[in-house]
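Notes follow the structure.
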Ligand code: ADP
């Protein structure tokens with residue numbers, strides 16, 4: 001685990017499973033537009049949350065790239081799930097701005113709900129094909145940029161599925177000067 005502090009916010013990078021973060025108020029779903037169960041992160045979250053999550057999601061769909069909506073966590077250990085639709089690389093443009101909007105909007109939903117901690121997966125870098133180096137820079141950079149504006153959120157965790165992705169996110173995090 002690597003962590004840094006900026007503007008009173010702890011930013012962590014770990015390897016693991018997004019559905020196994022019981023100390024976080026919310027986990028973020030790399031959702032599809034229909035907010036339906038699918039593969040990857042969305043499949044894991046819906047399996048762990050149970051069928052009530054899909055029922056709560058249905059009236060909130062569809063969402064657009066960059067959007068984030070919040071639901072309850074149902075059978076997850078987390079009170080909430082924040083569902084983000086990342087850009088499909090090479091299709092949804094401008095990809096960098098849409099990916100940054102996911103992180104900004106997810107943090108906005110967390111703040112509106114008064115949450116203290118949020119765990120993100122690496123949005124768009126699986127089925128949606130976003131190169132992980134570029135995505136990591138945007139993910140970490142957007143959270144760092146938002147840090148000074150956060151009131152309730154005090155901990156942000158990036159949960160990476162592989163050691164190689166962890167290394168890339170840690171390098172992105174280490175580019176920032178922290179106190
Ligand atoms: P997207 O459709 O936004 O690309 P994916 O779910 O396909 O989202 O993948 C996003 C990233 O999350 C990929 O790096 C993938 O390896 C990783 N991933 C898949 N399952 C999990 C999981 N259970 N926990 C954390 N990360 C996961």
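Odds and ends about this structure:
- Scanning segment 53-64 for residues being outside any helix (DSSP H, G or I) and more than 16 Å from the ligand (Cβ to nearest atom) gives a total of 0.
- Scoring residue 14 on the criteria (1) within 12 Å of the ligand (Cβ to nearest atom); (2) loosely packed, with under 15 Cβ neighbours inside 10 Å leaves a single failure, condition (2).
- Boolean, residue 101 is in contact (Cβ under 8 Å) with a residue 12 or more places away in the chain, closer than 19 Å to residue 153 by Cα, surrounded by fewer than 24 Cβ atoms within 10 Å (Cβ to Cβ) and within 14 Å of the ligand (Cβ to nearest atom): yes
- The residues in segment 19-42 that are surrounded by fewer than 16 Cβ atoms within 10 Å (Cβ to Cβ), farther than 15 Å from residue 120 by Cα and near the ligand (Cβ under 10 Å from one of its atoms) can be counted, and the count is 1.
- Unmet requirement for residue 160, which otherwise passes all of (1) under 19 Å from residue 68 (Cα atoms); (2) within 16 Å of the ligand (Cβ to nearest atom): (1)
- Any hit, segment 146-161, residues being exposed (fewer than 15 other Cβ atoms within 10 Å of the Cβ) and either without any contact (Cβ under 8 Å) to a residue 24 or more places away in the chain or under 16 Å from residue 1 (Cα atoms) (or both): yes
- Residue in segment 65-73 that is closer than 19 Å to residue 161 by Cβ and within 13 Å of the ligand (Cβ to nearest atom) present: no
- Test result for residue 109, within 15 Å of the ligand (Cβ to nearest atom), under 15 Å from the mean Cα position of the chain (by Cα) and within 20 Å of residue 8 (Cα to Cα): no
- In segment 43-64, residue farthest from the chain's Cα centre (by Cα) [restricted to those that are under 27 Å from residue 165 (Cα atoms) and surrounded by fewer than 17 Cβ atoms within 10 Å (Cβ to Cβ)]: 47
- Residue within segment 89-96 that is near the ligand (Cβ under 9 Å from one of its atoms) and closer than 21 Å to residue 141 by Cβ present: yes
Rule-based calculations on the coordinates, nothing more; no lab input. For clarity, every value in this text was computed on a predicted model and none was experimentally measured. As a convention, Cβ positions derive from the backbone with ideal geometry for all residues, glycine included, and neighbour counts pool all protein chains shown.
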